Amino acid sequence: MYSIYKKEITAFFGSLLGYMAMAVFLVLLGLLVWVFKDNQLEGQYASLDILFTNAPFVFMLLIPAITMRSFADEIRSGTLELLVTRPLTEMQIILGKFFASVTLAVICLLPTLLYYYTITKLGHDIDSGAIWGSYLGLVFLSAAFIAIGIFTSSLTSNAIVAFILALFLCFIVYLGFDAVSDMGFLSGRLANLVAGIGINAHYRSISRGVVDLRDAIYFLTFIGIFLLFTKTSLESRKW
Amino acid sequence: MSIEVNKLTKVYGEQKAVEEISFRVRPGEVLGFLGPNGAGKSTTMKIITGYIPQTSGKASVCGFDVNKQSMEARRNIGYLPENNPLYHDMYVKEFLGFVAGIHHIPNRKARIGEMIGITGLEMEQHKKIGALSKGYKQRVGLAQAMIHDPKVLILDEPTTGLDPNQLTEIRELIRRLGKEKTVILSTHIMQEVQAICNRVVIISKGKLVADDVPEHLVLRSGGGTQLLVRFKEKVSPERLRPVKGLKNASLQPDGSLLLTGDDKLQEELFRFAVAQSLTILHMNEDKQSLEEVFRTLTS
């Protein structure tokens with residue numbers, strides 16, 4: 001697994017992809033938080049809400065771009081055959097790629113700690129618990145998007161198809177369930193249940209700074225399911 | 001036994017890609033796996049390497065069942081898939097390092113250097129794989145297949161698309177490897193089989209049609225000798241009729257004679273020439289090639 005992980009990381013930072021992902025992420029969020037209208041400085045509260053409400057959308061675009069090639073390219077060039085005939089299980093290959101992408105997402109997030117530092121210097125009474133909870137939520141959220149992206153990449157030999165499919169699925173699981181539960185045709189409990197399937201409810205819940213075990217379990221299960229889907233998709237050649 | 005394949009069958013939907021194929025390969029053998037395109041060569045190889053499972057039958061490598069003891073079997077296999085897939089944006093050394101890492105090879109650097117030496121990649125070792133010529137890519141493919149020193153090498157069409165020089169070099173390399181390892185290589189070039197293999201398995205439409213040493217195969221198909229002879233004197237084909245074992249004789253445009261007959265033809269012709277005091281200027285023997293055997297067996 002480690003060999004695959006290392007190869008993927010080298011591929012990210014050996015090409016422009018890794019740096020570009022970081023640059024796009026930081027520039028977009030930097031503009032939203034500090035420069036554009038209604039930015040964090042104009043608001044009178046010492047918080048990083050703008051960062052944490054916008055980062056999921058940036059991830060929604062960026063993560064499918066990071067993961068789209070992970071299996072699609074291996075399928076297209078035939079190198080998947082090289083990998084799966086080695087003494088490696090499919091899961092080891094999947095996890096290697098998964099953790100490499102998670103690492104890249106975390107590296108994208110790290111410089112934003114500087115924003116946190118800035119805010120603490122500018123104001124006081126910042127809710128640190130909420131900030132750290134939100135960071136944890138973002139890591140979970142990006143990992144969930146990555147699991148989706150890796151899955152869609154394993155479905156096709158065309159990276160663009162994988163990208164579009166991942167973008168669509170990320171959108172649905174992040175906002176779709178929320179939207180459906182808000183439409184009003186579902187009664188209270190059912191609406192909550194539907195919203196609970198989506199990522200946003202759990203992301204918001206963690207962001208409050210109270211890490212509920214149920215939310216953690218939700219994310220881990222979500223990721224596990226998509227990684228298992230990926231395994232099934234890779235094994236479909238055997239049917 | 002290095003490789004044992006027993007009644008292997010693979011069915012894709014309605015179509016039988018491989019049907020009840022059985023063969024064994026002993027350590028140190030170079031087995032030529034022959035068959036027309038679509039005969040089931042690659043399918044059989046993919047089953048042995050564990051890429052796809054068989055529908056029925058068994059395959060084992062070094063005593064390990066490819067399904068039940070898949071990991072052990074894979075550790076003993078070096079595989080060069082068809083079309084030699086490689087990561088084109090990786091560097092040669094980086095790629096070999098990656099493969100060595102998967103196999104947990106100790107002394108990684110030394111082993112990579114050794115493989116680069118064996119496959120003759122010294123000049124190209126700092127390049128990106130995508131920048132290499134086809135022949136050198138093929139060497140990288142062989143290097144990745146051998147880096148963990150497997151007992152069995154499975155090479156799917158290792159010489160397609162190479163120029164004549166590269167062809168000779170790669171064949172030489174495989175022949176050298178074949179001395180220590182068990183090799184299965186698929187091809188549809190007959191000279192290749194005659195040049196490097198000490199056994200041949202021919203399959204056609206998914207079925208095994210021959211399993212023998214190349215020489216026996218030629219004999220079995222009723223093959224014989226073909227001679228191109230030139231006499232100093234003018235000799236008509238009719239005059240050679242008394243030669244024992246001669247089946248056919250024809251005059252070529254350049255005045256030489258093309259003779260076909262059994263294995264003793266050459267001797268008999270020589271004796272005849274001496275008895276008749278004819279002078280042989282030139283005699284060229286051409287054993288009936290595997291190519292014809294292949295054609296008769298697979299069509």
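Return yes when B:VAL18 is over 30 Å from B:ILE116 (Cα atoms), away from chain A (no Cβ under 11 Å) and touching a Phe, Trp or Tyr at 6+ places or on another chain (Cβ under 8 Å) and no when it is not. Against the criterion (over 30 Å from B:ILE116 (Cα atoms), away from chain A (no Cβ under 11 Å) and touching a Phe, Trp or Tyr at 6+ places or on another chain (Cβ under 8 Å)), B:VAL18 does not qualify. Can you confirm whether the range B:118-134 contains a residue that is surrounded by fewer than 17 Cβ atoms within 10 Å (Cβ to Cβ) and in contact with a His (Cβ under 6 Å, 6 or more places away or on another chain)? Scanning the range B:118-134 turns up at least one residue that is surrounded by fewer than 17 Cβ atoms within 10 Å (Cβ to Cβ) and in contact with a His (Cβ under 6 Å, 6 or more places away or on another chain).
Contact map, the range B:143-161: first residue in the same structural domain as B:ILE196 (by TED's automatic domain parsing), second residue among the acidic types (Asp, Glu), Cβ cut-off under 8 Å, separation 6 or more or different chains; pairs are B:ASP156/B:GLU82; B:GLU157/B:GLU82; B:THR159/B:GLU192.
Go through the range A:39-90 and give me each residue that's of a type in the set (D, E, K, R) and without any contact (Cβ under 8 Å) to a residue 12 or more places away in the chain.
Let us first name the residues in the range A:39-90 that are of a type in the set (D, E, K, R), namely A:42, A:49, A:69, A:73-74, A:76, A:81, A:86, A:90.
If the condition is that a residue be of a type in the set (D, E, K, R) and without any contact (Cβ under 8 Å) to a residue 12 or more places away in the chain, then A:GLU42, A:ASP49, A:GLU74, A:GLU81, A:ARG86 are the ones that fit.
Scanning the range B:66-79 for residues that are facing chain A (nearest Cβ under 9 Å) and closer than 22 Å to B:ARG139 by Cβ yields a total of 2. Applying the set (1) at positive phi; (2) in a strand (DSSP E or B); (3) without any contact (Cβ under 8 Å) to a residue 40 or more places away in the chain; (4) not β-branched (Val, Ile, Thr) to B:GLY50 leaves exactly one unmet item: (2).
The set of residues from the range B:74-92 being in a helix (DSSP H, G or I) and either over 20 Å from B:LYS46 (Cβ atoms) or in contact with a Ser or Thr (Cβ under 9 Å, 6 or more places away or on another chain) (or both) comprises B:ARG74, B:VAL92. I'm trying to understand the selection: among the residues of the range A:1-59, which are within 14 Å of chain B (Cβ to nearest Cβ) and either outside any helix (DSSP H, G or I) or within 22 Å of A:GLY133 (Cα to Cα) (or both)? Residues satisfying the conditions are A:MET1, A:SER15. For the range B:11-32, residues that are in contact (Cβ under 8 Å) with a residue 60 or more places away in the chain and either surrounded by 15 or more Cβ atoms within 10 Å (Cβ to Cβ) or in a strand (DSSP E or B) (or both) total 13.
Of all residues in the range A:67-112, those that are in contact with a Lys or Arg (Cβ under 8 Å, 6 or more places away or on another chain), within 11 Å of chain B (Cβ to nearest Cβ) and among the small types (Gly, Ala, Ser) total 1. Note on the range B:102-117: residues that are in a helix (DSSP H, G or I), within 12 Å of chain A (Cβ to nearest Cβ) and either in contact (Cβ under 8 Å) with a residue 40 or more places away in the chain or buried (at least 17 other Cβ atoms within 10 Å of the Cβ) (or both) total 1. If you go through the range B:225-242 and pick out every residue that is surrounded by fewer than 19 Cβ atoms within 10 Å (Cβ to Cβ) and assigned to a loop (DSSP other than H, G, I, E, B), you end up with 6.
Any residue at all in the range B:90-102 that's on the phi < 0 side of the Ramachandran plot, assigned by TED's automatic domain parsing to the domain that holds B:HIS126, of a type outside the set (A, V, I, L, M, F, W, C) and touching a strand residue (DSSP E or B) at 6+ places or on another chain (Cβ under 8 Å)? Step through it out loud before you land on a result.
Within the range B:90-102, the first condition is being on the phi < 0 side of the Ramachandran plot, and the residues that meet it are B:90-102.
In the following step, the residues that additionally are assigned by TED's automatic domain parsing to the domain that holds B:HIS126 were identified as B:90-102.
If we keep only those that are of a type outside the set (A, V, I, L, M, F, W, C) too, we end up with B:91, B:93-94, B:97, B:101.
Then drop every residue that is not touching a strand residue (DSSP E or B) at 6+ places or on another chain (Cβ under 8 Å), which leaves B:91.
Checked against the condition, which is being on the phi < 0 side of the Ramachandran plot, assigned by TED's automatic domain parsing to the domain that holds B:HIS126, of a type outside the set (A, V, I, L, M, F, W, C) and touching a strand residue (DSSP E or B) at 6+ places or on another chain (Cβ under 8 Å), the range B:90-102 yields at least one hit.
State yes or no: is A:GLU81 in contact with a Leu (Cβ under 9 Å, 6 or more places away or on another chain), assigned to a helix (DSSP H, G or I) and of a type in the set (Asp, Glu)? If you could, list the steps in order and put the result at the bottom.
On the way: in contact with a Leu (Cβ under 9 Å, 6 or more places away or on another chain): no; assigned to a helix (DSSP H, G or I): yes; of a type in the set (Asp, Glu): yes.
So A:GLU81 fails the test.
The values are calculated or read from the model by the stated rules, or taken from the named source; none is laboratory data. Given the structure is predicted, the values throughout are model-derived calculations rather than measurements. Note that we place each Cβ from the backbone using ideal geometry, even for glycine, and neighbour counts take in every protein chain shown.
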